[in-house]
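Step one of this worksheet: look at the structure below.
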Amino acid sequence: MSDARWWRGAVIYQIYPRSFLDTDGDGVGDLPGIIERLDYVAALGVDAIWIAPFFKSPMADFGYDIADYRAVDPLFGTLDDFDRLLAKAHALGLKVMIDQVLSHTSAKHAWFLASRESRDNPKSDWYVWADPREDGTAPNNWLSIFGGSAWQWEPRRGQYYLHNFLAEQPDLNFHNPEVRAAVLDELRFWLERGVDGFRLDSINFCFHDAQLRDNPPKPEAERSGRGFSADNPYAFQYHYYNNTRPENLAFLGELRALMDRYPDSVTLGEIASEDSLATMAEYTSGHRLHMGYSFELLTDDFSAAYIRDTVRALEAKMTEGWPCWAISNHDVERVLSRWGGGQPSAPLANLLTAMVCSLRGSVCVYQGEELGLTEAEVPFESLRDPFGIAFWPQFKGRDGCRTPMPWNTDAHGGFTRGTPWLPLPKEHLALAVTRQEADAASTLNGFRTFMHWRRAHPALRLGAIRFLDTPEPVLAFTRHAGQETLLVAFNLSDAPARVALPLHGAAHALHGHGLQEGTLADGHLHLPGHGAMFVSLDAVDPLAATPDAVPAHAGAVP
């Protein structure tokens, strides 16, 4: 089961630069701040960092509207700062992945400024332009994720342009081969500088339907649940024509051909489609993306059945690719608030980390998860997120998960000597790094303990997965790689749980992972509230010889 590719089973620590550490006092985090805290990140026991956009941008969507792919925005520092960051990270044994937004640019990008001037200039076809209908309305019914039509009128050309996100984020026309070549050249620039990979934002949005066909309506019963909230009109359509088009597969092949010229580099695609699991499988097969991740575990559902069924579904579809899981990121409510209810705790925080890091695949961990940070309450007058402002008060936006890191217990948490771009909640100051480092039982020290312990178990990094159909609230599965087979079980509730688990063969409890431990005796698994158990087994299928064995599902072998 040996696999030299560093990213398989890796834990990738996501850094949101604006909120990590500010070194110049302007209230916004920067690249020198990341450099200053790289030793802290390396000590967590993670394998890589993923840095959210730091490129030149008017910041309409806080960096996801790129005006120059090759320039560092002065707000974050300089290109020399990035080179220093890369060198120090590599010296510490950390790989560096950076965000890339390929499907759209900023409306301030030089390409768009040229494209909008006329219908016959050299870049006139670099973006998605369309004539109005006879009555002057938008070309079709496509909607923007940020609300309203996905089309914006441009008087210079007398046409509409497509924007799947903000109007300040026009979509590139990937049907144009010049655009595809130019985008790949932007990636090559960073590969030549030595980055180890890319997290590709909204990678399934690159192509649109060339015929501009209307999206069909979605029945009301299907508008809520996974994906976008029913409060957002975007949920009223099946998005068959404005994203996830079949032409994208060929482009992903072109992208992979570029990556193959840089050994050990990796692509991780963010995928949000009508069937994200199927798209993940498709996009990571046939020599396309290395990894894909979706929003399937970024939901409110926190049941053993949901987690088990979601992972099983992907395992059944993904026969070639490699999954990557996340339970928090910069776009959703922090997991300890989503899944912790009104009483989040250090044991739950560490349990959730261990759970997601024990699934087959790689893992993205969002900054602050190691501290057990909860979602911050940001008042309307302090909101910065255009999505949150547009959908207030039904949806409070993404600012609550983007508040600055609390490094110490000072008024601004040691994040800045100025005024932070978002306020730090008082409850986060109580979870500051300096305070937790001094407490052996803290979430931070529990996170470090588990990450370093995990490295000693190849089955957790590379092994096949086999789920056991245990009753709520217990999630249980085995991981197998080479000579190592592990039984892993998590109690997702705060009450003790007891599950019949008659095993065939010898079983030895593993210790040292730092979680609240359970016991295995007399054919039963006993778990304390938010407790876990890791058991070493001498059989690949420990339940096979037992007549009343709990049914299991065999996951795909990598």
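The values are calculated or read from the model by the stated rules, or taken from the named source; none is laboratory data. Not measured: the values here are computed from a predicted model. Positions of Cβ are backbone-derived with ideal geometry, glycine not excepted, and every protein chain shown enters the neighbour counts.
Listed by first and then second residue, the pairs with beta-carbon distance under 7 Å, at least 6 apart or on different chains, first residue in the range 23-35 and more than 17 Å from Leu94 (Cβ to Cβ), second part of a helix (DSSP H, G or I) and modelled with pLDDT of 95 or more, are Thr23/Pro32; Thr23/Gly33; Thr23/Glu36; Val28/Arg18; Gly29/Pro17; Gly29/Arg18; Gly29/Ser19; Asp30/Pro17. Restricting attention to the range 312-328 and to residues that are touching a residue at least 60 places away in the same chain (Cβ under 8 Å) and among the charged types (D, E, K, R), the residue that is surrounded by the most Cβ atoms within 10 Å (Cβ to Cβ) turns out to be Glu315. Residues in the range 352-397 that are closer than 16 Å to Phe20 by Cα and either among the small types (Gly, Ala, Ser) or at pLDDT below 95 (or both) were compared, and the one that is nearest to the chain's Cα centre (by Cα) is Gly368.
Filtering the range 496-512 to residues that are out of contact with any strand residue (DSSP E or B) (no Cβ under 6 Å at 6 or more places or on another chain) and crowded, with 18+ Cβ neighbours inside 10 Å leaves only Leu503.
Condition first: over 23 Å from Ser202 (Cα atoms), assigned by TED's automatic domain parsing to the domain that holds Gly45 and of a type outside the set (Ser, Thr, Tyr). Can you find one or more residues in the range 290-300 that meet it? The answer is no, given that none of the residues of the range 290-300 is over 23 Å from Ser202 (Cα atoms), assigned by TED's automatic domain parsing to the domain that holds Gly45 and of a type outside the set (Ser, Thr, Tyr). Just one of the listed residues (Asp331, Asp309, Asp300) is without any contact (Cβ under 8 Å) to a residue 60 or more places away in the chain, within 30 Å of Asn445 (Cα to Cα) and surrounded by fewer than 22 Cβ atoms within 10 Å (Cβ to Cβ), and it is Asp300. Is it the case, given these coordinates, that Leu298 is in a loop (DSSP other than H, G, I, E, B) and within 16 Å of the chain's Cα centre (by Cα)? It is true that Leu298 is in a loop (DSSP other than H, G, I, E, B) and within 16 Å of the chain's Cα centre (by Cα).
Okay, residues lined up against (1) surrounded by fewer than 21 Cβ atoms within 10 Å (Cβ to Cβ); (2) within 25 Å of the chain's Cα centre (by Cα); (3) farther than 29 Å from Asp264 by Cα:
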{"site": "Ala87", "(1), (2), (3)": "yes, yes, no"}
{"site": "Val101", "(1), (2), (3)": "no, yes, no"}
{"site": "Ala114", "(1), (2), (3)": "yes, no, yes"}
{"site": "Arg119", "(1), (2), (3)": "yes, no, yes"}
{"site": "Ser124", "(1), (2), (3)": "yes, no, yes"}
{"site": "Glu134", "(1), (2), (3)": "yes, no, yes"}
{"site": "Thr137", "(1), (2), (3)": "yes, no, yes"}
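The single residue among Leu252, Leu298, Leu212 that is out of contact with any His (no Cβ under 8 Å at 6 or more places or on another chain) and closer than 26 Å to Thr470 by Cβ turns out to be Leu298.
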